[in-house]
Amino acid sequence: MDTLLRDLRYALRTLRTRPAFTAAVVATLALGIGASTAVFTLVNAALLRPLPFTDPDRLVFLWGVAGPERDVRGASYLEVRDWREGSRRTLQDVAVYDPLSLNLRVADGADRVAAERVSASYFPLLGAQAARGRTFLAAEDSVPDAYPVAVISHDMWLTRFGGDERIVGRTMTLNDRAFTVVGVMAPEFHGLSFDTDVWVPMAMISLTDRPAVLEQRGSRWLGAVGRLADGVTMAQAQEELDGVAARLATAYPETNADRGVRLLSLHDYYLGDTRVLLVGLLVAVGLFLLIACANVAGLQLVRAASRRREMAVRVAMGASGRHLLRQLLVEGVVLALLGTGAGMLVALWGVGGLLPLLPDGALPSYVRVAPDWRVLAFAILLALASAALMGLVPARNGRRLRLTGLLKEGDRGAAGGIMTMRRPGVQQLLVIGEVAIALVLLVAAGLTVRSLQRQLAVDPGFRATGVLEARIELPAARYDADDARRFADALLARLGGRTGVAAVAVGSDVPMSGNTSAAFVLVEGEDDAVRYYRHRVSPGYFATLGIPIVQGRALGEADREGRPLAVVVNAAMARRHWPDGRVLGRRLLFGSDTATIVGVAGDARFRDLTTNLAAPASEPDVYFALAQRPQRNLSVALRGTSGDPAALATLLRAEVTAIDPGLPVYDVGPLETSVRQQTATERFGSFLFALFGGVALVLAAVGLYGLLAFVVGMNAREIAIRMALGASRGRVTRLVVRQGLVLALVGLLVGVGGAALVGHLLAAQLYGVSATDPVTFGAVAAVLLATALIASYLPARRAVAVDPQTALKAE
């Protein structure tokens, strides 16, 4: 122990005498370990931490899919029932899952609460039990609207009911209907939506729709959750469900032809393509850590070479090789501990800095970014790896100590020819590796940034600036179709004349709101039905949102009940079905109704920014007059006269309350925010890739500069001889620069394969950019070569600045 303490004191004293080296190693390790731990904390929270359900890895989502692309379409209630009955061999159970929100009557009006409409098997399937009372009974699923019961969350019990011990049996009013509270869930349970406060039975469909939709196979809006049977894989369950879908297609060809069902794990469902991005970031930060380690190894090699005479003298004075190796290992461990400690501080700062940068919608709502035992284990693993690195490099050199040779050759023993740089061969490999990894990271950053630029450049087809969006749901218990029509008219009249309101519109949805529904239409003169997205809009809708009318007219005041059904189609539909341009007056068949096209609107992007609306199989948008097709679930768009749409929120709530105090206004916010959320994941990913790529570029440049500076210093005598024999400064400069550029070129060649692989892995995240985009690869290569040129020129300039006679005298 005394020997170890003596070695530790000597190591600390030695490191204090070389503050520049110590600071460089500690800072490099801190940067690498800190960045790696910070990103791992994020990935762990989103991808590795188990979800709060019993055995969550056995849970799966079931979604209906359709068409050649197998796009997710939801499912009807009857389909979910058939999936459940047909998958008894591979799935223990299947439950209906329908996330929604409901109006909650409170003392001073109404509020909006997050809810889930579920079947009775939902809670036991997730392994959730009520902390008070019970969950739903099977009988409460059997008859539509017969059992108005509800289960509430622990948070709602505390905040809305004051923690009333007699909560079971109390009533609450949801969408103007009285419900009896039968249970309170445990504090940690918030449903599959992770923010749910109220659960109601699936049979209580009339809260939002007609009971008849439960018997319609064509009404598809539901998801389902199932649990794999013991020993069954997802592939086996998928195979059985494919058989169920095939049988349904045969039995019900009108509604189930070309339809299937897709199984998704919980993480795949919640994360989607973001999972690829998170894995990519974890790989990127691993590569970044490798660059940091390579720099540290290079610094260690430089220091080891500079201490060869010191080691020889200590051996000559009686130090054993074992003692020297132990001393070098202790120094390495001290550096590793210092770097790891600083790295944890960087990680804490990094996590704190990342969270505010996370755009809304970039990660699922269940993600809570905080360290846990996995993060601690990861940090310990990095600490052990860095300690091994810090001790391995000097120990490897220490084994090669040869007393007589070292004393004879002195410092020149480290020198090799500057033309070949034979001595620092390991460093050459490290620099080549750094350049290769920097290329991979910079290409990933370039591809994601260019993809983001392409997305941001997409014309959404509407003007979001200055528009406030909000939603209102009219309870079915008090509003029929005529009441809904009168409410919309009253709201438009009250808002249209208010100061600060430039334009107002009411409709079924607004772009990027996620509330669009779809159906099928038959174009007159064609045989095949076309799936389309339907929008019900008030007069002024197109003007308020800045959607241009390119042919004909918009829907107006004349398009009321009792008048012929009129529709406006988008330009993509017009091009697809009437390429001759003669669209106006054409007719569309909606079941028993026939509508006449009175106008063509520009292509507005309602669902995302990346769908190709001009594709032959694209699904068009069709607009109806809200007065002719009224509905209770409404979206409001307000364009203000000032630049801040948020100022209109108070006005909107006041006018809705004046019409009906029992109606809450919810999902209120600028339309620009909804548009920005479309690129939230891409913006976050491109920022992190660019950050890691930029720092990797700096580290690679530092590594190359350090190598050449080391070589120049060790070959000062050779350089002096060359210049004394007549070599010009320019020739020597070119010689050194050439060595740096050769290393950079080799690194580029080595890294191009890895960059292509990373591009392929990110392909699902890219829009408008190929995984092997030549512009990105070329620009990154040019930046790396330019950086290598600068990093090589600086030590070359320093070399030729030394007077030859001074250098030779020093030798």
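On the basis of the beta-carbon distance and an R0 of 25 Å, Ala186 and Asp57 show a calculated FRET efficiency of 0.75.
Over all other residues within a Cβ to Cβ distance under 12 Å of Arg586, the charged ones net out to -1, with Lys and Arg as +1 and Asp and Glu as -1. Taking the Cα atoms of segment 118-164, the ratio Rg/Rh between the radius of gyration and the Kirkwood radius comes to 1.01. A 1.4 Å probe, protein heavy atoms only, puts the accessible area of Val698 near 90 Å². Straightening the chain between Ser592 and Arg368 buys 75.6 nm, computed as 0.36 nm per residue apart minus the Cα-Cα spacing. Once the convex hull of all Cα atoms in segment 463-536 is built, its volume per residue stands at 153 Å³.
Just so you know, the Cα atoms of segment 1-137 work out to an Rg and Dmax of 28.3, 78 Å.
Kindly point out which whole DSSP H helices in the chain project their C-alpha atoms 30 angstrom or further along the helix axis while averaging a Kyte-Doolittle hydropathy of 0.5 or above. Working shown, then result.
Numbers: long enough: 19-43 (35 Å, 1.80); 274-306 (48 Å, 1.86); 321-357 (53 Å, 1.31); 373-398 (37 Å, 1.40); 425-456 (46 Å, 1.33); 680-714 (51 Å, 1.75); 729-761 (47 Å, 1.25); 774-800 (38 Å, 1.39).
Qualifying helices, which must be both long enough and hydrophobic enough, are 19-43, 274-306, 321-357, 373-398, 425-456, 680-714, 729-761, 774-800.
Applying a DSSP loop filter and a limit of 11 other Cβ atoms within 10 Å to the trypsin sites (Lys or Arg not before Pro) in segment 154-202 leaves Arg166.
Which value results when the Cα radius of gyration for segment 579-630 is divided by 2.2 N^0.38 Å? Write out the running numbers ahead of the final one.
Values: Rg = 13.0 Å, N = 52, 2.2 N^0.38 = 9.9 Å.
Segment 579-630 yields a ratio of 1.32.
Taking square-rooted eigenvalues a ≥ b ≥ c of the alpha carbon gyration tensor, is segment 174-289 rounded, prolate or oblate, where a/c under 1.5 means rounded and, failing that, a/b exceeding b/c means prolate? Note, shape of segment 174-289 comes out oblate. Once the C-beta distance of Leu12 and Leu48 is scaled by a Förster radius of 30 Å, the resulting FRET efficiency is 0.20 to the nearest 0.05. Counting only protein heavy atoms and using a 1.4 Å probe, the accessible area of Tyr705 comes to about 80 Å². Would you please state which residues of segment 606-623 a label at Val72 would reach in this model, taking the label point 7 Å out along Cα→Cβ and a backbone N cut-off of under 19 Å? Inside the label zone: 606-612, 619.
Using only the Cα atoms of segment 484-577, construct the convex hull and provide its projected area averaged over every direction, in square nanometres to one decimal. Can you show the working numbers first?
On the way: hull surface 30.4 nm².
Mean shadow area of the hull around the Cα atoms is 7.6 nm².
Sparse packing (at most 16 other Cβ atoms within 10 Å of the Cβ) combined with a DSSP loop state is found for the following GluC sites (Glu not before Pro) in segment 71-165: Glu165.
Applying 0.36 nm per residue to the separation of Val775 and Ser193 and subtracting their alpha-carbon distance, the gain on full extension is 205.3 nm.
How would you order 488-498, 595-605 from highest to lowest mean count of nearby Cβ atoms within 10 Å?
Values: 488-498: 16.3, 595-605: 21.9.
Highest to lowest by the protection proxy: 595-605, 488-498.
For every other residue with a beta carbon closer than 10 angstrom to the beta carbon of Leu452, add +1 if it is Lys or Arg and -1 if Asp or Glu, then tell me the sum.
Net local charge, Leu452 excluded: +2.
Between Leu429 and Met234, the FRET efficiency from the beta-carbon distance, with R0 = 35 Å, is close to 0.20. When its C-alpha radius of gyration is set against 2.2 N^0.38 Å (N residues), the chain gives a value of 1.22. Taking all Cα pairs closer than 8 Å and separated by 6 or more residues, the relative contact order of the chain comes to 17 percent. Label-to-label distance, Ala756 versus Ala558, with points set 7 angstrom from Cα along the beta-carbon direction: 6.3 nm.
Among the protein heavy atoms, those of Met573 account for about 0 Å² of accessible surface (1.4 Å probe, every chain in place).
The values are calculated or read from the model by the stated rules, or taken from the named source; none is laboratory data. Not measured: the values here are computed from a predicted model. All Cβ positions, even for glycine, are placed from backbone atoms using ideal geometry, and neighbour counts span all protein chains on display. Heads up: the accessible areas ignore ligands, DNA and RNA and are worked out on the full protein's heavy atoms, side chains in. Shrake-Rupley method; radii C 1.70, N 1.55, O 1.52, S 1.80 Å.
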